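One structure is given below, encoded as structure tokens.
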Amino acid sequence: MKVKGSALATIPEFIREQFGEESFSGWLEILTPEAREVYEEPILNLRWFDVPTVLIEPMETLCERFYAGDPRGAWDAGRFSADKALRGIYRMMVKIGSPSWLIERTSRIMGMFYDEGQVDVIEENKKSGTSRLKGVSIVSPMIELRVGGFMERGLEISGAKNLRFDMPSSMTRGDPHTDYHFAWD
């Protein structure tokens, strides 16, 4: 499984903004040599990288170092990534659309960053929706939570108020897919 550089580029930025330059340097030092090599230099946005080496392991290290082992760090990094992606070039599209409009397009967004897996809309209403992640060869809470955080922040940017979230099924808990259910006022 591969991830596009544009999805990885926000990780160093997230660490620097949230925890400082010294913390980024400390994080970089404890990565494996393969991961460190990727994060030491500017990441090429269009290049594809190996998920276990450059996404899962660095995200686990981020969670250990800055969140006392809590995988919530992957969720927060996903939210940060959505802020950068959806407030940049895609800002007008997200602002013009509604939260439901964004849910309908999650499958396209997933395909922009990962070379496998898909996100299907399995339920959509005016004030709620459920998206299903499936078809990934690597199951990791780092991927599930990062995708969930990205979706949550994307929905907030698109106008969802008082957003509530539930993950009723999860591949990391043994289910055949991961469902993200969101509801808002």
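The values are calculated or read from the model by the stated rules, or taken from the named source; none is laboratory data. Treat the numbers as computed from the prediction; the structure is a model and nothing was measured. Heads up, the Cβs are rebuilt from the backbone with ideal geometry, glycines too, and the neighbour counts pull from every protein chain shown.
Going through (1) buried (at least 16 other Cβ atoms within 10 Å of the Cβ); (2) part of a helix (DSSP H, G or I); (3) within 18 Å of the chain's Cα centre (by Cα) one by one, Ile43 falls short only on (2). Annotation note: of Ser137, Ser158, Ser170, the sole residue that is in contact with a helix residue (DSSP H, G or I) (Cβ under 7 Å, 6 or more places away or on another chain), at pLDDT 90 or above and hydroxyl-bearing (Ser, Thr, Tyr) is Ser170.
May I ask you to verify whether Phe165 is assigned to a strand (DSSP E or B) and closer than 20 Å to Gly73 by Cβ? Answer is yes for this residue. Collect the residues in region 8-34 that are more than 17 Å from Ala77 (Cα to Cα) and either small (Gly, Ala, Ser) or in the same structural domain as Met110 (by TED's automatic domain parsing) (or both), keeping them in residue-number order. Of everything in region 8-34, those that are more than 17 Å from Ala77 (Cα to Cα) and either small (Gly, Ala, Ser) or in the same structural domain as Met110 (by TED's automatic domain parsing) (or both) turn out to be Ser25, Gly26. Of the listed requirements (1) under 14 Å from Gly117 (Cβ atoms); (2) assigned to a helix (DSSP H, G or I), Tyr180 misses just one: (2).
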